[in-house]
Amino acid sequence: MNTSTPRSLALYLAMWFATSVGIFVALMEYIFHLKYTIWVPVVVVVFTFMLSFFLFQFAVERFIYRKIKLIYKNIHQLKLKKGQKPKTVDLNTDIISAVNSDVEAWARDQKEEIEYLKNLENYRREFLGNVSHELKTPIFNIQGYIMTLLEGGLEDPNINRTYLERAEKSVERMVNIVEDLEIITQFESGQLILHKEKFDIVELARDTMNSIQYSAEKNNVKLLFKDVYDKPIMVKADKESIQKVLSNLLVNSIKYSKPVGETKVSFYDMDENILVEVTDNGIGIAQEHIPRLFERFYRIDRSRSREIGGTGLGLSIVKHIIEAHNQTINVRSTLGIGTTFGFTLTKAK
C-alpha cells in the first residue's frame with residue numbers, strides 16, 4: 001500500500017490495528033467458548049477501524065506537520081515580510097516527495113547563491129587590486145619627482161620645470177581614473193540621468209572622427225566611413241554619452257592599430273534600431289580575452305596599455321552607457337586581422 005500521504009498511512013495503520021483486534025476477539029471467542037453473534041466481531045472491527053483511523057490520522061498529521069514545519073522554517077526565511085503568507089503544507093499530497101523537492105530546490109538556490117557570493121568576493125578583491133595597481137604608478141611617480149625637487153632639483157633650471165610637468169601628468173592620470181570610476185558608479189547606482197534627443201548619428205560620428213583626426217594621422221591610421229552616407233540617420237539617445245562611446249571606440253582602434261591602419265564606421269538599419277559598427281584592421285584580440293573585455297581595469301597587455309595611456313575603464317564606461325539606453329554592445333575579433341565593436345541605438349520616429 002502507498003503510504004506517502006498521512007491519510008494513506010493512517011488508513012494502513014487503522015486496517016492493521018482493526019485486523020489485530022478482530023483476530024484477538026476471535027481468539028477470545030475460541031479460548032473461552034464465547035457465543036457471540038456474527039455481528040459482534042464485525043461491529044468491533046468496524047468501530048475499532050473508524051476510531052483508530054481518525055486517531056492515527058490526527059497523530060500522524062500532527063507529527064508530520066510539526067516536522068515539516070521545522071524543515072520549512074530552516075530552508076525558508078524565518079521572518080516573513082508584512083502581508084506575506086507562510087508556506088502551506090498540503091497533507092493530502094505526497095508530502096515526502098514534495099518536501100524532498102523543495103529541499104533540493106533550496107539546496108540548489110543556496111549553492112547558486114554561494115557561487116554568486118564567491119564570484120562577487122573575487123571580483124571585489126580583483127577590483128581593489130586593480131585600483132591600487134593603477135593608482136600606485138602615478139603616486140610613486142609624483143613622490144619621486146617631488147623628492148628630487150626638494151633635494152635640490154627645485155633650484156636647477158634644467159629639471160625643475162620638467163619634473164613639475166611630469167608630476168602634473170601623473171596627477172592628471174589619477175584625476176582621470178577617479179572621474180571614470182565616478183561615471184561608472186553613477187551609471188550603476190542609477191544617479192546619472194540620460195537626456196535623450198533626436199540627432200543624426202552620421203553627423204555625430206563625423207564630428208567625433210574630426211576631433212581625433214590629429215591623433216589618427218600621428219599614428220598613421222585612416223578614419224573613414226564604410227559607405228557614402230549622404231542622408232541623415234536619426235536616432236534617439238543621449239547625444240553626449242553616445243559621442244563618448246564613439247570617441248572611446250575610435251581612440252581604442254588607433255591605440256591598437258598596425259603601423260599603417262584603417263578604421264571604418266558603418267551603420268545598418270535593423271527595423272526599430274540602428275546598428276553602429278566601428279571596425280579596424282589592427283592587431284586583433286585573442287578569443288579568451290573577449291568575455292572580460294568590458295570589465296573595469298581589464299587589460300590584455302598591461303605593459304603596452306600603460307605605454308599608450310588610458311585608465312583601463314573606457315570599455316567599461318562604453319558598456320554602461322549602451323546598457324543604460326537598454327541596448328546591446330558586442331565585439332568580434334581575430335588576431336592579426338582586426339576588431340569590430342557594434343552597438344545598437346533606437347531609431348528616431
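Only the coordinates and a few stated rules stand behind these numbers; no lab work does. Keep in mind it's a predicted model, so treat the numbers as computed, not measured. Using ideal geometry, Cβ is built from the backbone for each residue, glycine included, and neighbour counts are taken over all protein chains shown.
Structure notes:
- Relative exposure of Met209, Met147, judged by other C-beta atoms within 10 Å (fewest first): Met147, Met209
- Chain lengthening between Phe24 and Val46 when straightened (0.36 nm per residue, less Cα-Cα): 6.5 nm
- Simple point charges give the picture: +1 on the Cβ of Lys and Arg, -1 on the Cβ of Asp and Glu, and for the stretch 123-245 a dipole about the Cα centre of about 420 debye.
- The ellipsoid that matches the Cα gyration tensor of the stretch 123-189 has semi-axes, each √(5λ) in whole angstrom, of 32, 13, 6, with the longest given first.
- Flagged links, alpha-carbon separation over 28 Å, of Lys169/Lys198; Lys218/Lys244; Lys196/Lys222; Lys169/Lys218: Lys169/Lys198; Lys196/Lys222
- The label point for Glu112 and the one for Thr137, both projected 7 Å from the Cα toward the Cβ, are 4.0 nm apart.
- Here each label is just a point 7 Å from Cα along the line to Cβ, and for Asp269 and Arg332 those points are 2.2 nm apart.
- About its Cα centre, the dipole of the stretch 215-337 is roughly 540 debye, where the only charges are +1 on Lys and Arg Cβ and -1 on Asp and Glu Cβ.
- Stretch gain in nm, segment Leu224-Glu182, where the contour uses 0.36 nm per residue and the Cα spacing is subtracted: 11.9 nm
- When the charge dipole of the stretch 123-189 is built from unit charges on Cβ atoms (+1 for Lys and Arg, -1 for Asp and Glu) and taken about the Cα centre, the candidate among Leu150, Thr137, Ile183 whose Cα reaches farthest toward its positive end is Thr137.
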